[in-house]
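First up is the structure itself, then whatever we jot down about it.
The values are calculated or read from the model by the stated rules, or taken from the named source; none is laboratory data. Worth saying up front: this structure is predicted, and the values here are computed from it rather than measured. As a convention, Cβ positions derive from the backbone with ideal geometry for all residues, glycine included, and neighbour counts pool all protein chains shown. In case anyone asks, the SASA skips ligands and DNA or RNA and just uses the protein heavy atoms, side chains included. Shrake-Rupley method; radii C 1.70, N 1.55, O 1.52, S 1.80 Å.
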Amino acid sequence: MVFHRNTLLELLDGVHTFESEVYPQKQELFQSLAYDQTPPTLFITCADSRISPSLITQTEPGELFLIRNVGNIVPAYGNMVGAVASAIEYAVGALKVKNIIVCGHSNCGAMSALINLVIDPDKLNHMPTVRRWLHNAEAAAATISDLRAEDVGPKDVRDLAEANVRLQITHLKTHPIVAKALSRGELNVQGWYYDIKKGRVYILTEDAKTEHSVKEAIAILRKNKNPNDV
């Protein structure tokens, strides 16, 4: 694939286009966001460059509060006090988001690395920080068993990516501020799997290894007629 913004000069040229062409078209929106934000949704996804949350959801600036990291990981509360935990706390406690999405994706490098760790524990010795970070997804790797390097394929990566989304939602619910908001019915939490090649998002159920298409998920929400969900 040929990219149009490969160099610093080309990136700055893109900024110039934003300032001179894009901003004037949406000046009112940006001015309304200048001193405050009230995003309804916290979107947690992978740092992978192929994932564009605003493009997938068709949202404008100010509508998504983002957390991005390798493998869309949410460490369990108290396990790692840092950027992810503080961002979750701020999103729910200060911004009062109503929705949290945890979104995994196809051909995820973090999930491939996790599989490699299952097969060869020394595989990531040259990236010790990544290795420690992926410990937060090890329970998901336990769902993939008896793998040999030559047998690993796209389905294994997808299965692990989906299991990881479910695991990170479990971790998310250990955060007191999230648990409190859920108990009060003030928050919706949902897991997604994004298939890059097909351009499809699948909604993952938490209690079983099943999924819904977006169309099916919309129909379910409308049938339930819960104003917090629709």
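Values computed for the structure shown
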| quantity | calculated |
| --- | --- |
| Answer from 97, 118 - the residue that is under 28 Å from residue 28 (Cα atoms) and not aromatic (Phe, Trp, Tyr) | 97 |
| Residue that is farthest from residue 161 (Cα to Cα), among those in the range 195-217 that are out of contact with any strand residue (DSSP E or B) (no Cβ under 9 Å at 6 or more places or on another chain) and at pLDDT below 95 | 215 |
| Those residues of the range 171-203 which are more than 21 Å from residue 88 (Cβ to Cβ), of a type outside the set (Asp, Glu) and surrounded by fewer than 17 Cβ atoms within 10 Å (Cβ to Cβ), in sequence order | 196, 197, 198, 199, 200 |
| Condition met for residue 24 (in contact with a Lys or Arg (Cβ under 6 Å, 6 or more places away or on another chain), modelled with pLDDT of 95 or more and farther than 21 Å from residue 138 by Cα) | no |
| Matching option when the condition is modelled with pLDDT under 90, within 20 Å of residue 113 (Cα to Cα), open to solvent by 30 Å² or more (accessible area, probe 1.4 Å) and assigned to a helix (DSSP H, G or I), among 146, 156 | 156 |
| Residues of the range 176-206 satisfying the condition of being under 11 Å from residue 99 (Cα atoms) and assigned to a helix (DSSP H, G or I) | 178, 181, 182 |
| Breaking point among (1) more than 30 Å from residue 130 (Cβ to Cβ); (2) open to solvent by less than 60 Å² (accessible area, probe 1.4 Å), for residue 15 | (2) |
| Residue list for the range 1-21, restricted to those being over 27 Å from the mean Cα position of the chain (by Cα) and β-branched (Val, Ile, Thr) | 7, 17 |
| Identity of the residue in the range 116-143, modelled with pLDDT of 90 or more and of a type in the set (Val, Ile, Thr), that ends up surrounded by the most Cβ atoms within 10 Å (Cβ to Cβ) | 130 |
| Residue 9 vs. criteria under 19 Å from residue 105 (Cα atoms), of a type in the set (A, V, I, L, M, F, W, C) and open to solvent by 70 Å² or more (accessible area, probe 1.4 Å) | no |
